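The structure under discussion appears below in the form of structure tokens.
The values are calculated or read from the model by the stated rules, or taken from the named source; none is laboratory data. Computed from a prediction, not measured in an experiment: that's the story for all the values here. FYI the Cβ positions are ideal-geometry reconstructions off the backbone, even for glycines, and counts take in every protein chain you see.
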Amino acid sequence: MRLFGLGLLALMAICSLFLGVADVAPGDVFRDAEARALIWESRLPRTLAAMLAGAGLAITGQIMQLLARNRFVEPMTAGAGQSAALGILVITLLVPGAPIWAKMVASSGAALVSSLGLMALIRPLPPTQPLLVPLVALVYGGVIGAVVTFVAYQGDMMQFLGVWLTGELSGVLRGRYELLWIAAIASAATFLIADRLTLLSLGEDTARTLGVNVGRITAAAIVAVSVVTALVVVTLGAIPFVGLVVPNLVVRMAGDNLRRALPLTALAGALIVLVADMLGRWIRAPYEVPVATTISVIGALIFLVLIRRGAARV
Amino acid sequence: MIEIEALHHSIGKAPILNGVDLVIPEGGMTALIGPNGAGKSTLLSLVARLRKIQSGHIRVAGHAVGQVSDQDLARVLAVMPQETRVSARLRVADLVSFGRYPWHRGRPGKADHAIVDRALERFSLDPLRERFLDEISGGQKQRAFAALAYAQDTPYLLLDEPLNNLDIAAARDLMRLMRELADEEGRTIVIVLHDINYAAAFADRLVVMKDGRIAAQGTPGDVITDTMIGEVFGTQAGVRMVDGRPVVIV
């Protein structure tokens, strides 16, 4: 399963290198210095960015679902994504020439605060009403999104807002996506606490009786979720649905034992964002459809199928 | 030995425990019984450090609960909580193997696998080991959580109303297993039970609670009397001796 997935991902990644406005055939890499430069400066970074972002988003989606004990939430639409945009917006308004790391810190901080707020908000909800959590999360994200729009409108930044709220990869070049490696490291780091997170999914009481420091693990997980979400928003813009659909797909097959599930989740997330971006490049070439749009269509379809198939079980 | 001293606890403004002093000796099975709201589960969760102690002291095998780390206590004390409703989609074998977590902290060795296998076998879960928790019955799930606590391999085992939702066969099986653990492996088992007859049939000692206090303690034969049932539970159910042990006629 994993091998097949890795093979498919590698194949797609290679295809992605040769898909775009400028025609580059695989053979050109050896003959043509310009083709090599194009791949090195643009296509490869773009392909890597899609895979890194996809893997990170899928993993953080799974972790947030575990923390919320609910399968229908994901950070990008549950406030963390909007707050990350708010963080960038505010720092851009206050310090117009703010360097990229300042935006990263501001958006991560904002995402963190909003994730903590969401956790506090959904904690008292009764577990017998599983649909309340996604509803509250959606409203919460919507309210923060409205604040973002208001601030952007007041600051005459509406055009920039689109950049952060609609994720797309056409602007990815070498030197402009590397923050995503930090997101990838943060996602990979969650693998170190995978066992303890799985224990947490058995309930806080059970986790504590098995010697898990519940507070510390929850905090670490929320930080990872916030940082990854914020970095994706800073570099590419918001990409919804990945964090929702991929974990739901993986859980059906591999279950919630994160040590086993996380690699699959990362793989599937990378694959789905990469394929969505390739579709976006291909559908109405030479123009592009943002990856956030294609992924929303794909994601919504998959999710509808999942809900219909799983209705008897939820 | 579990030593409890001057334990007071309230939830909100409602006092739940009003000065509990209790010593549970090492070995054997001690059952906590009493009417609803007597404070049995609260007492158990305080011993299990699932709630913060407000006033009073609890020591388990010499470890002061509240001061010893969760991790250290996890090697002394296993708990089967009352609510085992879990949304996580885990396989039975994975669940039980997490009982070893306090010992291996993420790197299970051969000995850990052996104990997990033994737990699965002992609790008749072997045929279910690859099934997901949401694909087995409530009774099987209960058994899986009992096996998880067993695999933790601690000298003390606390169970909070483990017979909830179990039919008579499953309930008797579980109690018999606990009895075996006490007799064969010398574990100290503390169990909160609703059904006095199960307590009388399987436990060595009963601790009767009422209104957040210890109302009586001793062997089933000493404790279960018409008067106790009348005073503690407020109902007139007769007690008969059958095969040398008291049985409450309901």
Exercise for the section: Can you give me the number of residues within the range B:54-71 that are under 19 Å from residue B:8 (Cα atoms) and either facing chain A (nearest Cβ under 7 Å) or crowded, with 22+ Cβ neighbours inside 10 Å (or both)? Expected result: 1
Practice task
Working only within the range B:30-85, note down all residues that are part of a strand (DSSP E or B) and touching a Ser or Thr at 6+ places or on another chain (Cβ under 7 Å).
Solution key: B:77, B:78, B:79
Practice task
For the range A:228-240, indicate whether the set of residues that are within 30 Å of residue B:94 (Cβ to Cβ), at pLDDT 85 or above and of a type outside the set (Phe, Trp, Tyr) is non-empty.
Solution key: yes
Practice task
Among the residues of the range B:72-128, write down those that are at the interface with another protein chain (Cβ under 9 Å from one of its Cβ atoms), under 16 Å from residue B:152 (Cβ atoms) and among the β-branched types (Val, Ile, Thr).
Solution key: B:79, B:84
Problem - Top-ranked residue of the range B:120-173 - restricted to ones that are among the β-branched types (Val, Ile, Thr) and modelled with pLDDT of 90 or more, ranked as farthest from residue B:25 (Cα to Cα) - result: B:168
Practice task
Return only the number of the condition from (1) among the β-branched types (Val, Ile, Thr); (2) buried (at least 23 other Cβ atoms within 10 Å of the Cβ); (3) not in a helix (DSSP H, G or I) that residue A:289 does not satisfy.
Solution key: (2)
Handout entry: Candidates A:93, A:86, A:125, filtered to the one that is in a helix (DSSP H, G or I), over 15 Å from the mean Cα position of the chain (by Cα) and at pLDDT below 90
Key = A:93
Handout entry: Test for residue A:183: is it within 19 Å of residue A:65 (Cβ to Cβ) and under 14 Å from the mean Cα position of the chain (by Cα)
Key = yes
Practice task
Have a look at A:106, A:68 and point out the one that is at pLDDT 90 or above and not acidic (Asp, Glu).
Solution key: A:106
Practice task
Might you check whether a residue that is over 19 Å from residue A:183 (Cα atoms) and in contact (Cβ under 8 Å) with a residue 60 or more places away in the chain occurs anywhere in the range A:234-247?
Solution key: yes
Problem - One residue from B:45, B:10 being surrounded by fewer than 22 Cβ atoms within 10 Å (Cβ to Cβ), of a type in the set (S, T, N, Q) and within 14 Å of chain A (Cβ to nearest Cβ) - result: B:45
Exercise for the section: Evaluate the range A:138-149: report whether one residue or more is surrounded by 20 or more Cβ atoms within 10 Å (Cβ to Cβ), touching a helix residue (DSSP H, G or I) at 6+ places or on another chain (Cβ under 9 Å), under 28 Å from residue A:297 (Cα atoms) and among the aliphatic types (A, V, I, L, M). Expected result: yes
Fill in the blank from the handout: Exactly one of A:172, A:225, A:251 is assigned to a helix (DSSP H, G or I), away from every other protein chain (no Cβ under 14 Å) and either more than 22 Å from residue A:48 (Cβ to Cβ) or touching a residue at least 12 places away in the same chain (Cβ under 8 Å) (or both), and that one is A:225
Exercise for the section: Restrict the check to the range A:154-165 and report whether at least one residue is β-branched (Val, Ile, Thr) and closer than 30 Å to residue B:48 by Cβ. Expected result: no
Problem - Qualifying positions in the range A:209-222 - assigned to a helix (DSSP H, G or I), surrounded by fewer than 23 Cβ atoms within 10 Å (Cβ to Cβ) and at the interface with chain B (Cβ under 9 Å from one of its Cβ atoms) - result: A:214
Exercise for the section: Would you be able to say whether some residue in the range A:254-269 is free of Cβ contacts under 8 Å to residues at least 40 places away in the same chain, within 14 Å of chain B (Cβ to nearest Cβ) and assigned to a helix (DSSP H, G or I)? Expected result: yes
Fill in the blank from the handout: Within the range A:35-74, residues under 14 Å from residue A:183 (Cα atoms) and in a loop (DSSP other than H, G, I, E, B) come out as none
Problem - Failed item, numbered, when residue B:188 is tested on (1) over 19 Å from residue B:121 (Cα atoms); (2) among the hydroxyl-bearing types (Ser, Thr, Tyr); (3) within 14 Å of chain A (Cβ to nearest Cβ) - result: (3)
Practice task
Would you be able to tell me the number of residues in the range A:55-83 that are among the hydroxyl-bearing types (Ser, Thr, Tyr) and within 12 Å of the chain's Cα centre (by Cα)?
Solution key: 2
